[in-house]
Amino acid sequence: MTDGIIIKGIGGFYYVDIGHNIVECRARGLFREQNIEPLVGDRVLIRFNKEDNRGYIEEIYPRDTVLTRPPISNVTQLIIVMSIANPKINLWFLDRLIVIGHDANLNVIICINKSDIDNEMADKITYMYRNIGYKTIKTSTKTREGIDKLNSLLQNQISVFSGPSGVGKTSLLNAINPALNLKTGEISKKLSRGKHTTRHVELFKLQENTFISDTPGFSSLDINHIDANKLNTYFIDIYKSSQKCKYSDCLHINEPDCFVINQVKNNEIYKSRYDNYVSMLNEIKNRRRF
Ligand SMILES: Nc1nc2c(ncn2[C@@H]2O[C@H](COP(=O)(O)OP(=O)(O)OP(=O)(O)O)[C@@H](O)[C@H]2O)c(=O)[nH]1
Ligand SMILES: [Zn+2]
């Protein structure tokens, strides 16, 4: 019996990384009876035959996190990638992914890519999000600025990259590990669910205990399941100030003595952050009416 981690699953076969090699496994019938489907990312106990490197999954250890799109468990970290230009930075998209990352219980890291195009602008955004409280790095796959730093932030984590199309997610993965040799434009294609394409996700091992998903996460940008009081806590800058609002259930719209609104007026909270908060809150409230 050996412990391992499922890095790929295709047609009822699960490929389990046990450190020095990868074992092709089937799940024990027991799982099917219990309606449990092994997921990529699962830590498992396997029994296998050394001769042919095949075996069975005997046990699935408790999952820390579960993502549904792509279906993958035990992800620890979300790397949100935005580019400074082509496509130009989209703070609405960024703030939304931050919220989704917090809601999925992931450590959030922000990567501002294509710094080679406009370094000053990249500095500005990096400063802004560091100031809010996020680990933010400036990268370029052309000059390799920040690539080693990004690589070091991936150590001992299972990371998923996310961000708009064309910001350089694939290029960054390749810059970190050229052996991956992913074709640019390839990872987004994996998410398009054509009739004939079987969508599957795979974990790439960078080092022992260090994996990255080959498929970007959260392409739907869905916040439907988040409630209004939670949203408040996912904007860490707003949440910090909300401790000083008069009402503990203040949503910072038009309540009296709202410290958050005060901080926005004093430029202590970025206007774009507040605006994106309000727009997401309205979306959530409107949903409630139906
Ligand atoms: N100037 C510049 N261009 C970059 C950089 N990183 C990537 N690119 C270019 O941006 C384009 C898109 O890069 P991809 O890596 O395919 O972007 P992606 O985020 O994976 O895109 P999707 O697969 O559509 O989600 C390519 O033409 C890259 O060469 C960078 O740091 N600087
Ligand atoms: Zn308030």
| For segment 228-289, what Kirkwood radius comes out of the mean inverse Cα-Cα distance, in Å? | 11.6
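For the pairs Lys114/Lys205; Lys124/Lys285; Lys8/Lys169; Lys169/Lys205; Lys88/Lys169, note any where the Cα-Cα span goes beyond 22 Å. Walk me through the intermediate numbers first.
Values: Lys114/Lys205 25 Å; Lys124/Lys285 33 Å; Lys8/Lys169 20 Å; Lys169/Lys205 17 Å; Lys88/Lys169 15 Å.
From the list (Lys114/Lys205; Lys124/Lys285; Lys8/Lys169; Lys169/Lys205; Lys88/Lys169), the Cα-Cα distance tops 22 Å for Lys114/Lys205; Lys124/Lys285.
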| Residue-wise HN-Hα coupling along segment 34-50, computed from phi with Karplus coefficients 6.51, -1.76, 1.60 (Hz; x: Gly, Pro) | 8, 6, 9, 9, x, 10, 4, x, 5, 8, 9, 9, 10, 10, 9, 9, 5
| Inter-probe distance in nm under a simple model that places probes 7 Å from Cα toward Cβ, at Lys230 and Gln34 | 2.6
| said: For the chain, what does the helix formula give at 222 nm: sum of -39500 (n - 2.57) over DSSP H segments with n ≥ 4, over the residue count, nearest 500 deg cm²/dmol? | reply: -9000 deg cm²/dmol
| said: List the Cys residues of the chain that have no partner Cys with a C-beta closer than 4.7 Å. | reply: Cys25, Cys111, Cys258
| request: Could you rank the peptides 277-286, 155-164 by their average count of other C-beta atoms within 10 Å per residue, with the highest value first? | output: 155-164, 277-286
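Quick one: length gained pulling Tyr239 to Asn151 fully straight, 0.36 nm per residue minus the C-alpha distance? All intermediate terms of the calculation are to be shown ahead of the outcome.
On the way: separation 88, 0.36 × 88 = 31.68 nm, distance 3.03 nm.
Once the chain is fully extended between Tyr239 and Asn151, it gains 28.7 nm.
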| said: What distance in nm lies between label points placed 7 Å from Cα along the C-beta direction at Glu24 and Gln207? | reply: 3.2
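How would you classify segment 67-213 from its alpha-carbon gyration tensor, with a ≥ b ≥ c the square roots of the eigenvalues: rounded for a/c under 1.5, else prolate if a/b is greater than b/c, otherwise oblate? Can you show the working numbers first?
Numbers: a/c = 1.39, a/b = 1.34, b/c = 1.04.
Rounded, because the longest to shortest axis ratio a/c is under 1.5.
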| query | Where nothing but the Cβ of Lys and Arg (+1) and of Asp and Glu (-1) is charged, how large is the charge dipole of the chain around its Cα centre, in debye to the nearest 20? | reply | 640
| query | Can you list the residues, at least 5 places off or on another chain, whose amide H is less than 5 Å from the amide H of Lys138, using H built in the peptide plane? | reply | Ile112
| request: At 15 Å minimum axial length over the Cα atoms and a Kyte-Doolittle cut of 0.0, report the qualifying DSSP H helices in the chain, or say none. | output: 91-103
| Debye, to nearest 20: dipole size of segment 222-280, +1 on Lys, Arg Cβ, -1 on Asp, Glu Cβ | 200
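What do you get for trypsin sites (Lys or Arg not before Pro) in segment 31-83 restricted to DSSP loop and a cutoff of at most 15 other Cβ within 10 Å of the site's Cβ?
Those satisfying the criteria are Lys50, Arg63.
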| remark: Projecting the Cα atoms of Phe93, Val66, Ile137 onto the charge dipole of the chain, where Lys and Arg contribute +1 and Asp and Glu -1 at Cβ, the residue farthest towards the positive end is Phe93
| field | Protection-proxy order for peptides 262-270, 214-222, each taking the mean of Cβ atoms within 10 Å per residue, highest first | value | 214-222, 262-270
| task | Rank Tyr274, Tyr134, Tyr247 by mean-square fluctuation in a GNM of the chain with C-alpha springs under 10 angstrom and give only the top-ranked residue. | result | Tyr247
| task | Specify the residue with the greatest mean-square fluctuation among Ile18, Ile112, Ile100, computed from a Gaussian network of the chain linking alpha-carbon atoms under 10 Å apart. | result | Ile18
| request: Mind jotting down the distance between the C-alpha centroids of segment 52-78 and segment 93-164, whole Å? | output: 25
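What ranking of Met128, Met1, Met82 emerges when the number of other C-beta atoms within 10 Å of each C-beta is taken as an exposure proxy, fewest first? Walk me through the intermediate numbers first.
On the way: Met128 17, Met1 9, Met82 25.
Listed from fewest to most nearby Cβ atoms, that is Met1, Met128, Met82.
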| task | Only loop residues by DSSP count here, and only those with at most 16 other Cβ atoms within 10 Å; note down the GluC sites (Glu not before Pro) in segment 47-147 that meet that. | result | Glu51
| task | Subtract the Cα-Cα distance of Glu51 and Arg69 from 0.36 nm times their separation in residues, and report this length gain in nm to one decimal. | result | 2.9 nm
| task | Using the number of other C-beta atoms within 10 angstrom as an exposure proxy, rank Ser272, Ser152, Ser213 with the fewest first. | result | Ser152, Ser272, Ser213
| What shape does segment 14-64 have by the C-alpha gyration tensor, where a ≥ b ≥ c are the square roots of the eigenvalues, rounded means a/c under 1.5, and otherwise prolate means a/b greater than b/c and oblate the rest? | oblate
| query | At what distance in nm do the modelled label points of Asp222 and Thr2 sit from each other, each positioned 7 Å from its Cα along Cα→Cβ? | reply | 3.7
| field | Dipole-positive endmost among Ala228, Gln263, Ile253 within segment 228-289 (Cβ charges, Cα centre) | value | Ala228
| note | Comparing Gly41, Gly133, Gly166 in a Gaussian network model of the chain (Cα, 10 Å), the one with the largest mean-square fluctuation is Gly133
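Every read-out reported here was derived from the displayed coordinates using simple, explicitly stated rules and does not represent laboratory data. Quick caveat, the model's predicted, so the values are computed rather than measured. Neighbour counts are summed over all protein chains in view; Cβ atoms, including those assigned to glycine, are modelled from backbone coordinates with ideal geometry.
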